[in-house]
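Values in this text are rule-based calculations from the coordinates and carry no lab data. No experiment lies behind these values; they were computed from the predicted model shown. Every residue, glycine as well, gets a Cβ built from its backbone with ideal geometry; the counts of neighbours run over all protein chains shown.
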Amino acid sequence: MATWLRRILILALIALAIVAPLGQGNYIIYVMTSWLIFSIAAMGLNLTLGYAGQISLAQASFMAIGAYTTALLTLSGWHWLAAMPLGVLACFVVGFGLGYPALRVKGHFLAFITLAFNTLVFLVLRNEEWLTGGTYGLVGIPRPDLGLFSTMRSLPFYYFTLTVTIVAALAMWGIVRSPWGRAFKALRENPIRAESLGVDTRRITLLAFAIGSMYGGLAGALIASLVQFIEPGSFGLAHSLRILLMVAVGGAGYFFGPFVGAGVVILLPEILRFAEGYYLIIYAVLVIVMLIFVPSGMIGIWGRIRDRFFVRPVARADLQQGAQLK
């Protein structure tokens with residue numbers, strides 16, 4: 001796709017995201033805000049899993065760290081804009097530490113380690129009642145107060161979340177297009193070859209976990225302000241698997257995959273509610289069929305169409321060199 005056409009499409013999608021909630025009820029706006037927040041969390045996991053090839057089942061735990069850190073500080077009188085960076089920083093540090101097992105184990109062994117970490121965070125949140133409120137959680141979490149722009153109502157908070165999402169997406173775009181991004185892809189494809197080419201695979205592995213965890217923490221800070229109530233069950237293993245499903249459905253390793261995947265996982269069940277008690281069955285069947293026939297995700301469908309109908313002839317370099325020699 002030409003660069004100018006891609007830019008026009010992105011601007012059109014942003015314009016659509018701006019006008020879509022107008023005239024909608026609070027519940028629809030809430031669902032759309034949730035889509036944006038989980039897109040941020042999925043972006044982080046997509047960097048760790050899709051670009052760097054390091055599997056993680058702990059993204060919800062980083063949402064929990066970001067959410068509880070931001071909630072505790074804002075309930076103590078801190079402004080959200082001051083509390084959120086500390087929550088994100090905490091996720092960076094913890095994610096950096098969680099990346100160390102990835103230096104020794106791979107595949108399902110790494111998945112088990114991250115799963116255990118997710119369970120550990122859940123147990124700490126549930127048992128340390130003096131700090132986290134235990135199973136009762138934290139209530140009355142304030143939303144960001146931006147002076148003339150109040151986010152207490154649903155629509156302003158949606159636009160605030162949309163702005164944060166765009167900034168986070170631009171930062172991720174810069175990361176994946178930078179030398180770091182190329183190193184992440186090299187690590188995913190062949191770690192030994194990457195190391196032989198001078199890539200510091202140790203540092204890149206740790207950064208993949210740390211940066212991906214930061215995005216989880218940012219999503220957690222936003223979800224805490226959206227719901228204004230958090231409890232340990234909101235960040236269990238099921239939610240990590242849900243974020244993993246978003247990455248898989250959208251297309252792991254594709255930049256726009258998390259947005260598409262989060263849209264399918266968050267919005268599709270709402271669209272299917274007309275089927276009443278059968279909507280979850282229909283939703284599960286659709287997801288299973290898609291993963292079977294399109295394992296590269298929804299974004300991968302466009303790649304198949306492009307390769308099938310828009311194949312461009314590629315001139316062989318050796319023939320061109322031979323022609324020059326003549």
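Compute the FRET efficiency between residue 291 and residue 241 as 1/(1 + (r/R0)^6), taking r as their Cβ-Cβ distance and R0 = 22 Å, and round to the nearest 0.05.
On the way: r = 13 Å, r/R0 = 0.61.
After rounding, the FRET efficiency stands at 0.95.
How much length would be gained if the chain were fully extended between residue 135 and residue 93, taking 0.36 nm per residue of separation minus their Cα-Cα distance, in nm to one decimal? List each step's numbers first, then the result.
Details: separation 42, 0.36 × 42 = 15.12 nm, distance 2.60 nm.
Computed gain between residue 135 and residue 93 is 12.5 nm.
Checking the a/c ratio against 1.5 first, then a/b against b/c, what shape does the Cα gyration tensor give for segment 227-289?
oblate
With +1 assigned to the C-beta of every Lys and Arg and -1 to the C-beta of every Asp and Glu, and no other charges, what is the dipole magnitude of segment 27-267 about the Cα centre in debye, to the nearest 20?
580 debye
Give a residue-ordered list of calculated ³J(HN,Hα) values for segment 223-230 (Karplus: 6.51 cos²θ - 1.76 cosθ + 1.60, θ = phi - 60°; whole Hz; x for Gly, Pro).
5, 5, 6, 5, 7, 6, 7, 9
Among (1) 195; (2) 172; (3) 163, only one was calculated for this model; which label is it, if the read-out is volume of the Cα convex hull per residue in Å³?
Label of the calculated value: (2).
Multiplying the sequence separation of residue 4 and residue 284 by 0.36 nm and subtracting their Cα-Cα distance, what value in nm do you get? Don't skip to the end; give the middle numbers.
On the way: separation 280, 0.36 × 280 = 100.80 nm, distance 3.70 nm.
Here the segment from residue 4 to residue 284 would lengthen by 97.1 nm.
Which of the peptides 79-86, 222-229 is most tightly packed, and how do the rest follow, going by the mean number of other Cβ atoms within 10 Å of each residue?
Values: 79-86: 17.5, 222-229: 22.2.
By packing density, highest mean first, the sequence is 222-229, 79-86.
Taking amide H positions as placed in the peptide plane 1.01 Å from N, state which residues far from residue 150 in sequence (5 or more) or on other chains have amide H under 5 Å from it.
Residues meeting the amide H criterion: none.
Pick from 148, 207, 218: which residue has the top mean-square fluctuation in a GNM of the chain where Cα pairs under 10 Å get a spring?
Comparing 148, 207, 218 in a Gaussian network model of the chain, the most mobile one is 148.
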